[in-house]
1. Using a simple spin-label model with points 7 Å from Cα along the Cα→Cβ vector, what separation in nm is obtained for Val786 and Phe385?
2. Pop a pseudo-label 7 angstrom from the Cα along the beta-carbon direction at both Asp649 and Val3 and give the gap in nm to one decimal.
3. So, R0 is 45 Å and r is the distance between the beta-carbons of Lys672 and Ile262; what FRET efficiency does that work out to, to 0.05?
4. Could you calculate the FRET efficiency of Lys449 with Thr173 from 1/(1 + (r/R0)^6), where r is the beta carbon distance between them and R0 is 45 Å, rounded to 0.05?
5. Residues with beta-carbon under 11 Å from that of Gly35, excluding Gly35: net charge, scoring Lys, Arg +1 and Asp, Glu -1?
6. Rounded to the nearest 0.05, what FRET efficiency do Glu855 and Asp400 have when you use their Cβ-Cβ distance and R0 = 41 Å?
7. Stretched out fully, how many nm does the piece from Arg285 to Thr628 gain, at 0.36 nm a residue minus the Cα gap?
8. What ranking do 270-280, 497-507 get when scored by the average of other Cβ atoms within 10 Å per residue, highest first?
Amino acid sequence: MLVFTPLSGAAHSSRTTPLAYLLQVDDVRILLDCGSPDWSPENPPSSPDSDEPAFHWEQYCQSLRECAPTVDLVLLSHGDLAHCGLYAYAYSRWNLKAPTYTSLPVQAMGRIATTEDIEGIRDEEDFGEDEPVPVQDGDSVMDDSPPVIRDKLKGKYVATLNEVQEAFDSVNTLRYSQPTRLQGKCQGLTITPFNAGHTVGGTIWKIRSPSSGTILYAVNVNHMRERHLDGAVLINKSTGGVFEPLARPDLLITDAERTAIINSKQRDRDVALIDTITSTLSSNRSSVLIPCDSSTRVLELLVLLDQHWKFSRLSYPICLLSRTGNEMLTFVRSMMEWLGGTVSKEDVGEEGNNNNNRSRRRRGDDDGEEDAVGAFALRFKYLEFFLNPESLVKRYASSDPKLILAVPASLSHGPSRSLFTSFATIPNNVVLLTSRGEEGTLSRVLFDKWNDAQREEWDKGKIGRNVMLDETLSLVMKSKVPLQGAELEEYLQKERSAKEKEAAHQAQLARSQRMLEADEDESDSDSDSDAEDEDEVRQALEGDNMDTDVGDLGGGKKRKADRGLDGADWGLDGDEGLTKQLLSFDIYLKGNVSKPTSFFKNVGGQTQRFRMFPYLEKKRRVDEYGETVDVAMWLRKSRVFDEEAEMDDSKDYKRKKQAEEEAKAIQEIPSKFVTTTVEVQMACRLLFIDMEGLNDGRAVKTIVPQVNPRKMIIVHAPTDSAELLIESCANIRAMTKDIFAPARGDSVQIGQQTNSFSISIGDELLASLKMSTFEDNEVGYVTGRVVTHASSTIPTLEPIIAAPPRSTSVVVDTASEPRILGSRPTVNLPNSTMIGELKLTVLKARLASIGVPAELIGEGVLICGSAAGKAGGADALEDSVAVRKTASGKVELEGGVSPVYYTVRKEIYNLHALVAA
């Protein structure tokens, strides 16, 4: 059973982005894409007192947060924000820890796009410290989900840089046409990525389920070849039909956003864009601003501009305002095998020929390390990188003609919005839009102004004209400014107070630690006490430097000490024994024992005392329960503790080194976030040229019927576009009529739940089975009865045995069934079942291999025989047959009785598995 639920980007909706869909295949829940909306819309949020959500994306984020812990598989199709922008946040905050798969470029481009977006937003808005807080009343969160982390700015779910790196590092990457059999809960599913065009690494996902069939997820597809990419694999260039592995899926999930749009020719779009840029820079001495994305579609623009700059020998600078632009190009150069189109070492890049590359490698230039890898392409000679508009202004004045590509394309925040406020006020400057933008953004506002000023339907294969803007636009600008005056002094005072409190707290902790260590030293174990006693005895004896031997006292002989007993010196020279006073006591006393310690005294002086022979009682090393202490075990643990201590030391070293580097680095200037309203008096020109690189309505209406799915779901489309595609498919007889276009949150159930039971086949029945091979499986038809044995819990399927007659006499009534003399008795033929799917392209190739001409004439009809060849006439029609596939899956073979008829029928049978009852 299949259950499909759009979380965002559904059909019949004015907002078609972001894209996120939940597909349940039996018990496996698959998340298809995880895009993010534009977090800085132009329209202010509604009142907090109203029942409506503050932001339009709240329902989507709430649904994704609820289902994220239950997702078993995540598939990402493109590396832009609309497809994977929210993945990092959901992975880190909403427990979206399911295995994630995509292509290698999508992983890198998604990381770059998300990083660029969150850095731009966090530089303009204060999100505070990200700490977990309790979920507010009214939020429905799964019981097994982690604590929800809300940002200080409620409603905007923006991840941190560390979370982005961690999330995309966990993504598994695949190559195109690489089938992957999943394990765990997803066992049985096979996923295969195919080239979708539109973006580098863009993917069409094919999901194969043993119970639900083949599912094809194809959104934002471009079948046209571009400068840096090949077209999607849906159309097979050699045969002119659909790529065989993607034909006739059980379910097709596709978008219809551009069904009502007809693209102009690619050559016309390129000429219009180049002419506008060249004329503006040369004649008017003005500049051109192109808002662009940070990772995907900007590559097509850069390749086109670089080719034109080299061909026309222009000297105007091309400025790219992006924090991650250099990183993005470095990665793309290392992944040339994912690119296509006209991108090659000969025509794109700095000094684009191999001879110059070899000479640069011999000279040992700065790029020699990358040249050694072979990355000669995409080295744009005229491209310059800038991190912010301030650095651009320092390099080039506002009056200098230049081409500026600034991110993001939505103009909602970041360098493009900041630059637009001053750029739009200069006459003859041109703002060139290459995409329509998301609903509610400044880019969509400008597009609507341009679209309303057009005199004719430009989206029917034509290029629109530029529009002169002459109105005032109110923009809300958010920025981060340094503190000054009293605010700076107050901030520094708070910082000093915080540092003093922290120092005092650390000192208190250190003092407490020392006290604890001192208490531990005083309360040592018995073994430590024994060792201390031995040390004290040794030190005291060595300090007194005298011990008397029995032989020395009796005979007066002098001998040197025997130092073999625990290192103690028990013998002294005779002179020392005569000069020093010998003291003794019944117990060993600590301290200075050379002085008299007795309370009683004699008349003649103090009582002479002698020290007794020292004796230490060896205690048995047992614990408080009487168990013998295993010294070896503690030694092993000691080694482990030593290794951990060494690791801690290395971590401490790295931490200290990092702290030193941070101390050397320039400290960030204390700043604050401010919001201002700017009135922009626009005087520039505005032009839109579609460079999104997506299929138009003609391509969608042509490709979808050729794919010919059994069932289809339309997503990512406004109401009129979805209805237009449904109407177009309804006019095709061979096209399925099971087409769904669910709204956001609505679930579509396809198929019904099937119950599976375990049953064993008896030996007698198994021996009589006739199996037929179909693909990788063997199938057979079986009839029997289920028998339950007392010795087994699994029922057994056994053959049906006719019951013996109850009497030996059998009376046959032949009158009711008269037989003709010489006729044979009637025998019922066995029922047969054909398993498989007939593909007319495969049948055509098979007939061509045996010398039977065949030709497809459209709408699922294949003409075989003489009529398909060059010869004509009535005889050709008699020796020809037509093979037709109906919408219900039946195959019709029409034609006269001829050798061609039987040959074609035989080949059709050979393409199926024939199972007889």
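Each value in this text was obtained by applying a stated rule to the coordinates, not by laboratory testing. None of these values were measured; they are calculated from a predicted model. Cβ atoms come from the backbone with ideal geometry, glycine included; neighbour counts cover every protein chain shown.
1. 6.7
2. Going from the Asp649 label point to the Val3 one covers 5.8 nm.
3. On the way: r = 50 Å, r/R0 = 1.11.
About 0.35, to the nearest 0.05.
4. Calculated transfer efficiency: 0.60.
5. Working: positive: none; negative: Asp33, Asp38, Asp80, Glu438.
Local charge sum for Gly35: -4.
6. Details: r = 62 Å, r/R0 = 1.51.
It comes to 0.10.
7. So the extension gain works out to 114.1 nm.
8. Averaged packing, sorted descending, gives the order 270-280, 497-507.
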